[in-house]
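This report concerns only the one structure given below.
The values are calculated or read from the model by the stated rules, or taken from the named source; none is laboratory data. It should be emphasised that the depicted structure is a prediction, and the values quoted were computed from it without experimental measurement. Positions of Cβ are backbone-derived with ideal geometry, glycine not excepted, and every protein chain shown enters the neighbour counts. The area values use the complete protein model at the heavy-atom level, side chains included, leaving out ligands, DNA and RNA. Shrake-Rupley method; radii C 1.70, N 1.55, O 1.52, S 1.80 Å.
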Amino acid sequence: MKILVPVKVVASLDEDFALSDDATVPADAVEWQLNEWDTFSLEAALQLNEGEDGEVVAVTVGDEQAEQQLRSCLAKGADRAIRVWDDSLRGADALAIASVLAAVARAEQPELILCGVQSSDAVESATGVALAGLLDLAHVAVVTGIERAGERLTVQRELEGGVVELLGVSLPCLLTVQTGINEPRYASLRAIKQASAKPLDVSGLEQLGLDAASVGAHAGSRTLRLKEPAKGAGATMLDGGPPEIATRIAAIVRESMSA
Amino acid sequence: MSGVLVVAEARRGELRAVSLELIGAARALSEQGAGPVSVVLIGADAEALAPQVALAGVQDVLVVPAPQPQFEAHVTQAALEALVQRRSPSVVLAGHTIDSLGFAPALAARAGLGFASNVTGASWGEQGVLAQRGAYGEKLIAELDFPGKDTVVLLLRPGAFAPAEGVGGETGVERVELDLAGSARTEHLELRDPPTGDVDITKADFLVAIGRGVDDEGQIAELEQLADAMGATLCASRPLVDAGWISAARQVGQSGKTVTPKVYLALGISGAVQHLAGMAKAQTIIAVNSDHEAPIFGVAQYGAVADMFEVAAELERQFR
Ligand SMILES: Cc1cc2nc3c(=O)[nH]c(=O)nc-3n(C[C@H](O)[C@H](O)[C@H](O)COP(=O)(O)OP(=O)(O)OC[C@H]3O[C@@H](n4cnc5c(N)ncnc54)[C@H](O)[C@@H]3O)c2cc1C
Ligand SMILES: Nc1ncnc2c1ncn2[C@@H]1O[C@H](COP(=O)(O)O)[C@@H](O)[C@H]1O
């Protein structure tokens, strides 16, 4: 079957970052990684198609920074990759990204779409189910198990406290995949070399029949400003090297336990 | 054409605690001028649960019977689509919970509503509703507005808003019949409880919690020894459980256990929202993390920027 896997390349902030004077995040304070959840959704797609003829297509909405991670998806076994970008998409929220992914999905017509539950930088937990809404697809969020029998999937939905709901859902549908569902593979060196021969299409909004205004109209919110959390209420910091810190912790533990 | 619509949440016939926090937040918005508060309950249990949400400050409770007893995301989505269209609330409040993640983004995307998830603060002013949420993995706070949106859906983080209390005298209960037949697109098969494990970490007074600062399974043994030496029980964040290095019974957080020990010593845990959901109410939280920006320092009483293994080795020496 054809499976579309939207993946996000996420920004993780350096330990010593500071906001710039204009309250934006400086480019050199950011490291780029494949969103942790998307390593699990990609693996789930690869496993579902194992031994079957089908296609796994990884798609990202991201600038050139994202390309290396998209290649890593190809190295792990995705057949094809698509990168969509337009500078107007910088800082776009989940609903705007979903509208771009919807255009890709309409062109690709996958039988299954596997998103991650959330992206570790934005923690919106919204793009996948928003995409399903736009496509009018059946969907299940926070999935920790997928079994397929023909057109029917039996999935596990993970609830609070580790309770699991077993559900039946028919293809075509969209699932958001939770960590721990499988063991994501690493790419072999050979596969990494071969990945450079696999197709990676780069497209702008126009090719998808979109423009900045139509995507912007889908946005659910606008970021007015970023600020640093109030630190005052935070922890009393213990100074010194490991021995001093350990001594202080030991004292705090003894005192708190006897209180 | 105004007001705050609260989507109360229930599971297995019981109202979930977040519902009262939603009502608390709705009441605050209402006092700032957002209009009256209505609470909607969707599902087979709706009628029975209505009295529990008929609190002071709630104008009316809408009871929407559903065709199936369990929560079903598409049914809830269809019901809310219809209610939003009929009533045009200014704000719809639901929890940032597993159930809501299944319908709220689709609801907002399809109807072109304003939307923000994981919201930790909300206020009402001249420009309508404003919201706050974490950004860049909780290291920053983003302030959001919703220009041009008549209805804004906010998913509020559980625990971030004070719960409402006080029984309402004037609250009306209205049964709203919606045509929801055929809107379900998944079939409920069963609910499974997590297996009971080897330990009950919720009973421990002193927990040593380890996270992804541990990057090798071989390091677990020395941390077990540390917990033993200190008279503590070992627990962990989710990645160590996902990796199969530690049993699921020891997982703290939203999808694991909620613990309230006297002391919670967190080693190499960043403090993601879903982890905090399980331990923020511990009496004394001590965090050791090599990153001085780690969000865990925001909830800890005591913190140290250090290598967890160096501190662990020193601690073991002192407690042995
Ligand atoms: C629906 C849902 C449910 C979830 N449920 C849970 C749950 O129940 N429990 C849970 O924990 N998570 C849960 N998560 C996952 C959660 O979002 C985080 O991914 C997870 O909590 C991160 O765990 P961590 O802090 O150990 O790892 P990381 O976030 O990777 O943090 C590791 C930390 O260790 C520090 N570190 C690294 N090396 C060292 C060292 N040598 N010394 C000191 N510090 C070091 C780093 O600075 C970093 O802060 C859930 C997620 C979702 C979407
Ligand atoms: N820019 C993007 N490009 C492709 N997929 C994305 C993008 N942003 C989010 N997603 C998908 O949506 C999921 C949830 O992300 P979020 O809604 O941002 O928490 C991710 O795991 C991806 O599957």
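Can you tell me which residues in region A:168-181 are away from ligand 1 (no atom under 16 Å from the Cβ) and open to solvent by less than 40 Å² (accessible area, probe 1.4 Å)?
A:168, A:169, A:171, A:173, A:174
In region B:241-280, how many residues are of a type in the set (S, T, N, Q), near ligand 1 (Cβ under 8 Å from one of its atoms) and open to solvent by 20 Å² or more (accessible area, probe 1.4 Å)?
Summing the residues that are of a type in the set (S, T, N, Q), near ligand 1 (Cβ under 8 Å from one of its atoms) and open to solvent by 20 Å² or more (accessible area, probe 1.4 Å) in region B:241-280 gives 4.
Could you list all residues from region B:77-113 that are more than 12 Å from every other protein chain (Cβ to nearest Cβ) and part of a loop (DSSP other than H, G, I, E, B)?
Within region B:77-113, B:88, B:89, B:90 qualify.
Out of the residues in region A:91-118 meeting the condition of being away from chain B (no Cβ under 14 Å) and outside any helix (DSSP H, G or I), tell me which one is nearest to residue A:207 (Cα to Cα).
Top of the filtered list is A:109.
Among the numbered criteria (1) touching a residue at least 12 places away in the same chain (Cβ under 8 Å); (2) over 16 Å from residue B:311 (Cβ atoms), which one does residue B:269 miss?
(2)
When you scan region B:153-174, do you find a residue that is at pLDDT below 95, open to solvent by 30 Å² or more (accessible area, probe 1.4 Å) and among the polar types (S, T, N, Q), even just one?
no
Filter region B:198-219 down to the residues that are farther than 14 Å from residue B:244 by Cα, open to solvent by 50 Å² or more (accessible area, probe 1.4 Å) and within 13 Å of another protein chain (Cβ to nearest Cβ) and list them by number.
Result: B:202, B:205.
Taking strands (runs of 3 or more DSSP E) that fall entirely within region B:168-231, which contain at least 2 residues that are more than 16 Å from ligand 1 (Cβ to nearest atom)?
On the way: elements: B:172-175, B:187-192, B:206-210.
Fully inside region B:168-231 and qualifying: B:172-175, B:187-192.
Looking at (1) surrounded by fewer than 24 Cβ atoms within 10 Å (Cβ to Cβ); (2) under 19 Å from residue A:121 (Cβ atoms); (3) over 20 Å from the mean Cα position of the chain (by Cα), can you tell me which one residue B:301 breaks?
(2)
Within region B:256-301, track down each residue that is farther than 18 Å from residue B:240 by Cα and among the aromatic types (Phe, Trp, Tyr).
The answer is B:297, and nothing else.
Say we look at region B:23-53 and pick out the residues that are aliphatic (A, V, I, L, M) and closer than 18 Å to residue B:102 by Cα; which of these is surrounded by the most Cβ atoms within 10 Å (Cβ to Cβ)?
This residue is B:42.
Any idea how many residues of region A:140-163 are more than 7 Å from every other protein chain (Cβ to nearest Cβ) and under 19 Å from the mean Cα position of the chain (by Cα)?
5
Is it the case that region B:313-320 has a residue that's out of contact with any His (no Cβ under 6 Å at 6 or more places or on another chain) and either outside any helix (DSSP H, G or I) or within 16 Å of ligand 2 (Cβ to nearest atom) (or both)?
yes
Mind listing whichever residues of region B:281-297 are over 13 Å from residue B:207 (Cα atoms), touching a residue at least 60 places away in the same chain (Cβ under 8 Å) and more than 9 Å from ligand 1 (Cβ to nearest atom)?
Hits for region B:281-297: nothing passes.
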